[in-house]
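Following: one structure in structure tokens, then a few remarks.
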Amino acid sequence: SITEAMEQQTISIAKAGITTTLNTRCSVFAAANSVFGRWDDTKGEENIDFMPTILSRFDMIYIVKDEHNESRDTTIARHVMKIHLNREQAAVEGEMSIEMLKKYIAYTRAKCGPRLSDKTAAKLGHKYVMMRTSAREHEHESNKRLSIPITVRQLESIVRISEALAKMRLEAFTTDSDVEESLRLFQVSTMESAMSGSLSGVEGLTALEDQEEVRKVERQLKQRFPIGSQVSEARIIQDFTKQRYSERSVRNVLNIMIRRGELQHRMQRKVVLRVK
């Protein structure tokens, strides 16, 4: 299991009467779907159903959403078509050949082992305390525990990222730029994933209040508009804003229900049809 591989760096095998244990000292790159098959903004951290003991062992955690974007979808479609059209052609070499890259990686693994300097170690320790304080304040405001805990393991993750950045340059010690970049990567990955339900910067709303408002809007929308009914999107937004719901929450509900396939746009996206 992934737990044994990440905790003990071993994998136990029992097949055909043979039982053995293999070492697994390697990097782990894993991907998983959310609990609901697709990320649901109204559910917040309920989308993640992993034990904290597993999540805390990953250096970086990213939440990847399948959001509709015409220009990006067009770029992806062109890339896929290009792969199929040029299947018989030789692979295009980049700035460095594959063989040279393999040799470089093997050399850095064998010859380079950078460590933290006293200055960068002190800086990392200070930043870790600030992250823990921020996480505690977020939990206090939202009255919920973070699904991705911020522990000493996350500090070790930042250390590994800093050392990896220095290793790419064959440096003996990490620099301030390595620490800043590792903190940035950690912030945009694990920290954003841990606080994915927050509304920092939106005045008057915490994460729990926002999620509750979205649920109320969705519940009322389903009660007022039965399956098969068509209504103007502008009218929906106008009606709910008169009831003191935020326009942002109403649009969020409409987008979520469209992604689920419960609503469909009609008449040049001016009218929405409830299909289920």
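Before moving on, here are some points about what is shown:
- Qualifying positions in segment 228-250 - open to solvent by 30 Å² or more (accessible area, probe 1.4 Å) and within 31 Å of the chain's Cα centre (by Cα): Glu233, Tyr245, Ser246, Glu247, Arg248
- Across segment 258-276, the number of residues qualifying as loosely packed, with under 11 Cβ neighbours inside 10 Å and within 17 Å of Arg224 (Cα to Cα) comes to 1.
- Wholly enclosed helices (runs of 4 or more DSSP H) of segment 151-256 bearing at least 3 residues acidic (Asp, Glu), at negative phi and modelled with pLDDT under 90: 207-224
The values are calculated or read from the model by the stated rules, or taken from the named source; none is laboratory data. In this text, all values refer to a predicted model and were calculated from it rather than measured experimentally. Quick reminder, even Gly has a Cβ in these numbers, built from the backbone with ideal geometry, and neighbours come from all protein chains shown. Each accessible area value is taken on the protein alone, full model and side chains, heavy atoms only, with ligands, DNA and RNA left out. Shrake-Rupley method; radii C 1.70, N 1.55, O 1.52, S 1.80 Å.
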